[in-house]
Amino acid sequence: MSKDSPVDIGPLRPLQGVRIADFSSNMAGPFATMILAQLGADVIKIEAPKGDDARAWPPIVDGLSLTHRHMSAGKRGLALDLKIPEAVQVALDVMAHCDVVLQSMRPGVADRVGIGEQAARRANPQVLYYDLSAFGAGPTGQAMPGYDPLVQAYSGIMQMNGHEGMPPTRCAPSMIDLGTGQWIAMGILAAIMARRQGQAVKHMETALIDTAFSVVPYQASAARMSGQRPPKAGSGNPIAAPYQCYPTRDGELMLAAPSQRLWEAVVKVLQAPELASDARFATVALRSRHIKELETEISLRLASDDVDNWVARFTQAGVPVTRVSGLEQTARGPMAQERQTFIESEGVPLVRLPWLVDGQALPWVRPAPRLGEHSLQVLQDLGYEESRRNALVASGAVLCAT
């Protein structure tokens, strides 16, 4: 199998020549390998005949999920039925020609199927084998199922979100999945760099629960030391005030004034000198302690005018502020245009990776593959003769796109 990637060299393709066998599904693993594909890696997405579950997640555009379009962009698609021994052999042959193997099956499943680390190591002693799981393979975590909201619930994150007196609230974006994908991508990049410096890295792993703790690092440390649950913060932050959303006459704004200087500016904009002399609000610590009373006082005054007028006044006074917008507004607004946020793939606007390289966004390497779109191409790259390719397809071990 040639180490030359079929992808043309474009801007910022440092992973040209790196090949990754991606057995992951849903969101975290596919997001990681999408990032690496955008950086030039030849990512072979290996799916079961029924396909990755993410293919069916709405919204669907032209028969294909937007989630799949984004998470699998830039990859080649190979569909294998790993219940058939011949398909397992194809998977091992792919691993033999890869630098990295990523898999997200439940702990122990990859070994039972025949594509676990030891099998991969026999096929390719130098391969980096990367395990992705929800809670790890230890005695506590191995039996626990894992999706983003389950991890948010277990980790305590849901109990931190929302307002006091309200039920646990999930962070709407799949931040655990997406954050895990970023950690995996960084881990693989680090391993590749280490190898180029002579340090062999054979195995890495990341669990979704690791990411959950990583996004609440100081809160987790405080909870471990004190045994106390962090308070729900609503739209604010318990260490600063005013630092939250407030209602106005026709909408809401987010006000961020965590310093004494900014607080004094807020008071001037509100034309409320009585707040400046109120002992409850004299310092940052006191304002945080009396955050509910402060919210009442500020909201009362903001109710007298519209959000745009208040935003203009606070901005002129140098106070960080913004209107609270809906995604349907920002996705079509001037900032998305200015930042080149959306890059089209097959006529569908997909959110680019958060880099501008020499002022330009990276174009999508290729669209997400149809199920089994590149199966025959990958088999040919492996050196399989036409008769063997046809036999694998006829047996159902390999699925090709129709």
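Readers should treat all values here as calculations from the given coordinates under stated rules, not as data from a laboratory. For clarity, every value in this text was computed on a predicted model and none was experimentally measured. Cβ coordinates were reconstructed from backbone atoms using ideal geometry, including for glycine residues, and neighbour counts include every protein chain displayed.
One table, with the values for the structure above:
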item: Sorted by Cβ neighbour density within 10 Å, fewest at the top, the residues T283, T169; result: T283, T169
item: Two-decimal ratio, the stretch 23-120, of alpha-carbon radius of gyration to 2.2 N^0.38 Å; result: 1.07
item: For the stretch 325-384 versus the stretch 262-297, the gap between their alpha-carbon centres in whole angstrom; result: 46 Å
item: Segment R339-A56, extension gain: residue separation times 0.36 nm, minus the distance between their alpha carbons; result: 98.9 nm
item: Value of [θ]222 nm, deg cm²/dmol, for the chain, DSSP H segments ≥ 4, -39500 (n - 2.57) each, nearest 500; result: -11000 deg cm²/dmol
item: Peptides 92-105, 323-336, 301-314 ordered by average Cβ neighbours within 10 Å, highest first; result: 92-105, 301-314, 323-336
item: Proximal charge balance of P349 [Cβ under 12 Å; K/R count +1, D/E count -1]; result: +1
item: FRET efficiency estimate (nearest 0.05) - Cβ-Cβ, E86 to A153, R0 41 angstrom; result: 0.50
item: The chain: DSSP helices with Cα axial extent of at least 24 Å and average Kyte-Doolittle hydropathy no lower than 1.6; result: none
item: Dipole moment magnitude, nearest 20 debye, the chain about Cα centre, only Lys, Arg, Asp, Glu C-beta charged; result: 700 debye
item: Burial ordering of Y147, Y218, fewest other beta-carbon atoms within 10 Å first; result: Y218, Y147
item: Residue among L302, T211, V393 farthest towards the positive dipole end of the chain, charges placed on Cβ; result: T211
item: Dipole-positive endmost among P367, A123, P320 within the chain (Cβ charges, Cα centre); result: A123
item: Net +/- balance of residues flanking D81 in space, Cβ distance below 12 Å, scoring K and R +1, D and E -1; result: 0
item: For volume of the Cα convex hull per residue in Å³, calculated from these coordinates, the label among [x] 155; [y] 135; [z] 177; result: [z]
item: Summed side-chain charge close to G187 - residues other than G187 whose Cβ falls under 12 Å, Lys, Arg +1, Asp, Glu -1; result: -3
item: Rounded D (µm²/s) - the stretch 185-296, Kirkwood Rh over Cα pairs, Stokes-Einstein at 25 °C, 0.890 mPa s; result: 138 µm²/s
item: Span from the the stretch 196-241 Cα centroid across to the the stretch 82-115 one, whole angstrom; result: 32 Å
item: Computed magnitude of the charge dipole of the stretch 243-328 (debye, nearest 20; Cβ of K, R +1, Cβ of D, E -1); result: 340 debye
item: The stretch 114-253: relative contact order as a whole-number percent, Cα under 8 Å and 6+ apart; result: 28 percent
item: Distance in nm between pseudo-label sites at V393 and M166 (7 Å out along the Cβ direction from Cα); result: 5.4 nm
item: Pairwise label distance in nanometres, A137 with V351, each label 7 Å out on the Cα-Cβ vector; result: 3.2 nm
item: Out-of-range pairs (alpha-carbon distance over 21 Å; input K75/K202; K232/K292; K50/K75); result: K75/K202
item: Where labels lie 7 Å past Cα in the beta-carbon direction, separation of K202 and A317 in nm; result: 6.4 nm
item: Relative contact order, percent, the chain [alpha-carbon distance under 8 Å, six or more residues apart]; result: 18 percent
item: For the stretch 243-328, fraction of C-alpha pairs farther apart than 14 Å, in %; result: 61 percent
